[in-house]
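The values are calculated or read from the model by the stated rules, or taken from the named source; none is laboratory data. Everything numeric in this text was worked out from a predicted model, so none of it was measured. All Cβ positions, glycine included, derive from the backbone under ideal geometry; neighbour counts span all protein chains shown. Protein only, heavy atoms only, side chains kept; ligands, DNA and RNA dropped before computing areas. Shrake-Rupley method; radii C 1.70, N 1.55, O 1.52, S 1.80 Å.
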Amino acid sequence: MSTFGKKKNYKKRLEDKLNIKISLNINGEEIQANTSATETLLNFLRRIGYKDVKCGCEEGSCGSCLVLLDGKATNSCQVFAASCENSKVITSNGLGDTNDPHPIQKAFVDAGAVQCGFCTPGMVIATYELLTKNMQPNEEEIKEALSGNLCRCTGYVKIIEAVKLAADYMRNTKG
Amino acid sequence: MIKTNLKWYTPENFDEAYKLHLNNPSIMPCGGTTGILRTKNFKNEGFINLKNCNLSYIKEDKNSSLIKIGALTTFNEVIDYIKNTSYKKNSFLGILLSSLSSSASHPLRNRITIGGSLFDLPIWSDLISPLFLANVDVIYNDDKKINLSNYVEERKSFPHIIKEIEIHYDEKQSYFTQRYSLTNFDYAVFRFSFSYLLSSDKRIKSFICSISGTKNIIYFDRDFNDRFNDLSINDEEGLRKIIFSNDFNFSTDFRFDAEYKSQVLKSLLFDAVKNII
């Protein structure tokens with residue numbers, strides 16, 4: 001069987017197994033889609049097009065799949081999509097985009113806290129949760145909030161600077 | 001892994017949920033789901049989503065040093081609650097805060113629940129060791145009650161869903177806890193916690209110690225604890241003898257030999273008891 005044929009069969013088999021219909025709000029948009037009983041929220045989101053949610057370790061260690069699930073930073077690889085009925089999900093694209101970036105996203109760019117960029121969506125979500133609770137975090141609190149996010153490029157110094165800068169931007173925006 | 005024959009149930013209240021589980025124990029309750037997704041063991045017939053069961057709460061009665069924590073309360077919710085109270089670092093709430101704060105990572109603590117953690121009870125649990133220093137009852141099904149140590153031994157032998165835990169702690173005691181792991185965000189190799197009370201003549205009046213990460217998940221031996229009674233806090237040799245002659249019953253795993261873990265524990269426990277008390 002050709003590679004195309006195998007892919008087609010896989011897609012067909014997958015579609016047969018997506019037998020649970022769920023409704024949830026993703027980035028402010030009401031979505032209805034099918035999932036399987038054991039599909040993770042990470043795989044569900046990526047399958048329906050939210051590719052800004054990155055797939056890293058799939059065991060809750062790296063934080064690249066972080067989303068805000070009902071306001072809380074959550075490893076989407078550690079949640080079943082079927083359990084998220086009527087939940088509110090925000091991915092990093094839901095905070096802002098290239099044309100209208102969120103102050104946190106702007107701070108990450110301005111501080112040069114991005115290298116390969118794979119961990120950045122997760123970092124942005126972790127920072128958002130921190131800054132919505134605490135607009136003036138100290139370095140310890142920033143490290144604690146980012147404790148579930150791994151970055152193999154930057155060494156964290158610029159990321160921590162970016163979070164401080166984001167806090168400044170958000171305070172100024174609010175003021 | 002995708003399995004089609006699994007079903008999700010979302011009961012309207014806790015009564016419906018535990019009856020569903022009692023009727024078919026293969027339909028498993030789901031808390032934060034971190035434990036289930038870690039093992040990816042989907043041999044069960046279905047999942048019970050407990051989100052409508054109102055099990056996320058903390059109720060404290062300061063007059064009787066009693067705290068009730070709902071099974072679906074997450075580690076971060078407990079941490080935030082304790083941070084907003086006037087706790088002392090060496091109080092029971094102080095060490096519970098310290099234990100839970102070092103567990104996993106911030107986003108995982110948004111998911112890990114008290115009930116799920118007790119039900120799953122992994123060997124690296126940061127929750128269980130401090131709980132053994134208090135008088136803890138696990139409330140399950142139709143308000144049935146079981147003591148924590150009995151629960152740990154018997155939890156796999158009867159179908160149940162945890163509703164809440166009741167913690168009765170002693171405010172007169174001083175508490176301490178310490179974790180040993182390779183890195184901060186790694187699983188705990190072991191955690192030891194102890195509480196103590198001193199008499200006016202600087203002797204140990206009461207001492208309770210529990211160690212998680214051992215062969216049976218938790219080491220809690222009343223005979224070992226009793227050996228500390230009436231020991232002078234200046235009797236370093238006596239203390240060394242009690243700790244270093246004891247067998248804490250570790251098992252060898254892919255990272256450490258049992259003997260190595262035992263020696264590290266003895267050294268850390270000895271230093272902690274000597275310096276703290």
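Against the main long axis of the alpha-carbon atoms of chain A, helix A:157-174 sits at an angle near 80°.
B:ARG255 contributes an accessible area of around 80 Å² to the protein surface, as traced by a 1.4 Å probe with all chains present.
Tell me which aspartates and glutamates have Cα within less than 16 Å of B:LYS156's Cα, excluding those fewer than 8 residues away on the same chain? B:LYS156 reaches B:ASP120. For B:LYS172, the aspartates and glutamates whose Cα falls under 19 Å of its own Cα, not counting residues fewer than eight places away in the same chain, are B:GLU60, B:ASP61, B:ASP201, B:ASP226, B:ASP230. For segment B:59-106, the square roots a ≥ b ≥ c of the C-alpha gyration tensor eigenvalues yield an a/c of 1.5 or more together with a/b not exceeding b/c, which makes the shape oblate.
Relative contact order, whole percent, for segment A:23-90 stands at 42, derived from Cα pairs under 8 Å and 6 or more residues apart.
In this structure, the residue pairs whose Cα-Cα separation is over 32 Å, taken from A:LYS54/B:LYS59; B:LYS202/B:LYS266; B:LYS145/B:LYS261, are A:LYS54/B:LYS59; B:LYS145/B:LYS261. Under a 5 Å amide H cut-off, with hydrogens placed 1.01 Å from N, B:THR214 pairs with B:TYR219 among residues at least 5 apart or on other chains.
Over chain A, the fraction of Cα-Cα pairs per 10 Å bin, rounded to whole percents and listed from the shortest bin up, is 10, 36, 31, 16, 6, 1, 0.
Given the pairs A:LYS106/A:LYS164; B:LYS62/B:LYS144; A:LYS51/A:LYS158; A:LYS72/A:LYS133; A:LYS72/B:LYS83; B:LYS241/B:LYS274, which are separated by over 20 angstrom at their Cα positions?
Numbers: A:LYS106/A:LYS164 12 Å; B:LYS62/B:LYS144 24 Å; A:LYS51/A:LYS158 25 Å; A:LYS72/A:LYS133 11 Å; A:LYS72/B:LYS83 18 Å; B:LYS241/B:LYS274 13 Å.
Long pairs (Cα-Cα over 20 Å): B:LYS62/B:LYS144; A:LYS51/A:LYS158.
Once the convex hull of all Cα atoms in segment B:1-151 is built, its volume per residue stands at 125 Å³.
Taking a span of 20 Å or more along the helix axis (Cα atoms) and a mean Kyte-Doolittle hydropathy of at least 0.0 as the rule, the DSSP H helices of chain B that qualify are B:258-276.
Considering all C-alpha pairs of chain B, those separated by over 26 Å amount to 45%. With the simple model of a label 7 Å out from the Cα in the direction of the Cβ, B:ASP221 to B:ASN184 spans 3.5 nm. In terms of Cα atoms, the Rg and Dmax of segment B:7-49 work out to 10.2, 28 Å.
Grab the eigenvalues of the alpha-carbon gyration tensor for segment A:103-173, scale each by 5, take roots, and send me the semi-axes largest first in whole angstrom.
17, 13, 10
Per residue, the Cα convex hull of segment B:133-195 amounts to 122 Å³. Please check: in the Gaussian network model of chain A (C-alpha springs, under 10 Å), which one of A:LYS106, A:LYS143, A:LYS21 has the largest mean-square fluctuation. With Cα springs under 10 Å in chain A, the top fluctuation among A:LYS106, A:LYS143, A:LYS21 is at A:LYS21. Expressed as a whole percent, the proportion of Cα-Cα pairs in the protein assembly as shown lying more than 27 Å apart is 59%. Here the relative contact order of chain B, from alpha carbon pairs under 8 Å that lie six or more residues apart, stands at 14 percent.
Taking springs between alpha-carbon atoms closer than 10 angstrom, which of B:GLY238, B:GLY32, B:GLY115 fluctuates most in the Gaussian network model of chain B? Between B:GLY238, B:GLY32, B:GLY115, it is B:GLY238 that shows the largest mean-square fluctuation.
Note on segment A:28-84: the alpha carbon radius of gyration divided by the globular reference 2.2 N^0.38 Å gives 1.03.
How crowded by other chains is A:129-136, given as the mean number of beta carbons from other chains within 10 Å of each beta carbon?
Numbers: counts 3, 1, 0, 0, 1, 0, 0, 0.
Counting other chains' Cβ atoms within 10 Å and averaging over A:129-136 gives 1.
Pairs of Cα atoms under 8 Å, at least six residues apart: use those to get the relative contact order of segment A:103-173, whole percent.
Relative contact order comes out at 54 percent.
Partner lysines whose Cα lies under 20 Å from the Cα of A:LYS21, excluding those fewer than 8 positions away in the same chain, are identified as A:LYS11, A:LYS12, A:LYS88, B:LYS3, B:LYS7, B:LYS51.
Quick one: which of B:116-129, A:90-103 comes out on top by average Cβ neighbours within 10 Å, and what's the full order, highest first? Each step should come with its number before you reach the end.
Numbers: B:116-129: 21.8, A:90-103: 16.7.
Output ranking for B:116-129, A:90-103: B:116-129, A:90-103.
Per-residue SASA remark: A:CYS151, around 10 Å² accessible (1.4 Å probe; ligands, DNA and RNA not included). 3J(HN,Hα) along segment B:202-219: 6, 10, 6, 8, 8, 9, 10, 10, 9, 10, 9, x, 8, 3, 9, 6, 10, 10 Hz, from the Karplus curve 6.51 cos²θ - 1.76 cosθ + 1.60 with θ = phi - 60°, whole Hz, x for Gly and Pro. Each residue of segment B:163-277 gets 129 Å³ once the volume of the Cα convex hull is shared out per residue.
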